[in-house]
1. For the range 34-54, name all the residues that are buried (at least 17 other Cβ atoms within 10 Å of the Cβ) and either closer than 17 Å to LEU91 by Cα or touching a helix residue (DSSP H, G or I) at 6+ places or on another chain (Cβ under 7 Å) (or both).
2. Restrict the check to the range 58-69 and report whether at least one residue is touching a Lys or Arg at 6+ places or on another chain (Cβ under 8 Å), without any contact (Cβ under 8 Å) to a residue 24 or more places away in the chain, more than 16 Å from the ligand (Cβ to nearest atom) and within 14 Å of ILE7 (Cβ to Cβ).
3. Starting from the range 121-139, take each residue that is among the basic types (Lys, Arg) and list its partners that are modelled with pLDDT of 95 or more and surrounded by fewer than 24 Cβ atoms within 10 Å (Cβ to Cβ), counting only C-beta distances under 7 angstrom and pairs at least six apart or across chains.
4. When you check PRO94 against the structure, is it surrounded by fewer than 20 Cβ atoms within 10 Å (Cβ to Cβ) and either β-branched (Val, Ile, Thr) or within 23 Å of ALA167 (Cα to Cα) (or both), yes or no?
5. Within the bounds of the range 151-165, is there any residue that is open to solvent by less than 40 Å² (accessible area, probe 1.4 Å) and more than 15 Å from the ligand (Cβ to nearest atom)?
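The values are calculated or read from the model by the stated rules, or taken from the named source; none is laboratory data. None of the values given here were measured: they were computed from a predicted structure. Cβ atoms come from the backbone with ideal geometry, glycine included; neighbour counts cover every protein chain shown. Ligands, DNA and RNA are excluded from the accessible area calculation, which covers all protein heavy atoms including side chains. Shrake-Rupley method; radii C 1.70, N 1.55, O 1.52, S 1.80 Å.
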Amino acid sequence: MKIGILISGRGSNMVAIVDAVRSGDVPSSEVVVVISDKADAAGLAKARERGVETVVVERNGRKRAEHDAEIISELKKRDVELVCLAGYMRLLSPDFVQAFPNKIINIHPSLLPAFPGLNAQKQAFDARVKVTGCTVHYVDELLDHGPVILQREVPRLPDDTVESLSARILEQEHGAYVDALRILAR
Ligand code: GRF
C-alpha cells in the first residue's frame with residue numbers, strides 16, 4: 001500500500017504514521033511522499049529526517065481546484081494508493097475526492113459527528129462534555145464528514161485545561177491513525 005500524507009503544520013500524526021510503517025507495524029506499506037501546502041510547515045523537516053520525499057505545493061492564491069490538481073498529479077506520479085490527511089488545513093475539492101474514491105482518510109480531534117471544524121478540542125471543552133476523543137474517517141466533499149473507520153475516547157478530567165485535554169487527545173490520535181492503517185492494509 002503506497003501512502004501519501006498531506007500536512008500543513010507540525011506533522012506529529014505524519015511522524016507517527018511514518019515511524020509505524022517503517023517499523024513494520026503496518027504490513028506491506030510504504031510512505032512514498034509527504035506533501036505540504038505550506039513551505040514553512042514544521043513537519044517537512046521531520047519527514048526529511050526520516051528519509052521521506054517531501055513536496056511543497058503552495059496555494060499561491062489559486063482556486064482550490066487548480067491547487068488540488070497539482071497535488072493529485074504529484075500523488076498519481078508516485079502511484080499513491082492511500083491519501084492520509086494529517087493536519088491538512090484545506091477542504092478538498094470534489095475532483096480530489098473523486099480522483100481517489102474511498103482512498104482518502106483524515107483524523108479529527110473529536111468524536112465526530114460532534115465538534116467538526118477548527119478547535120474541536122476547545123469546542124468539546126467549552127461544551128463540558130464528559131468524554132471526547134478522536135476519529136479516523138473516510139473523506140468526502142464535506143468538512144470533517146464521511147464514514148468512521150475508528151474512534152478513541154478520551155475523558156475530560158475535572159482539572160483539565162484545554163491544553164491538557166488536547167495533549168491527551170493527540171496521544172490517542174497517533175495510536176488511532178496507526179490502528180486505522182493496520183485495518184486498511186489488511
Ligand atoms: C491534529 O489534532 C489533527 O487531529 C487535526 O490537526 C492536528 C494536526 O496535528 N486534524 P499534527 O500536525 O499531526 O501534529
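1. Correct list: VAL34, ILE35, SER36, ASP37, LYS38, GLY43, LYS46, ALA47, VAL52, THR54.
2. The answer is yes, given that some residue of the range 58-69 is touching a Lys or Arg at 6+ places or on another chain (Cβ under 8 Å), without any contact (Cβ under 8 Å) to a residue 24 or more places away in the chain, more than 16 Å from the ligand (Cβ to nearest atom) and within 14 Å of ILE7 (Cβ to Cβ).
3. What qualifies is LYS122/VAL162; LYS130/PRO155; LYS130/ARG156.
4. no
5. Within the range 151-165, one or more residues are open to solvent by less than 40 Å² (accessible area, probe 1.4 Å) and more than 15 Å from the ligand (Cβ to nearest atom).
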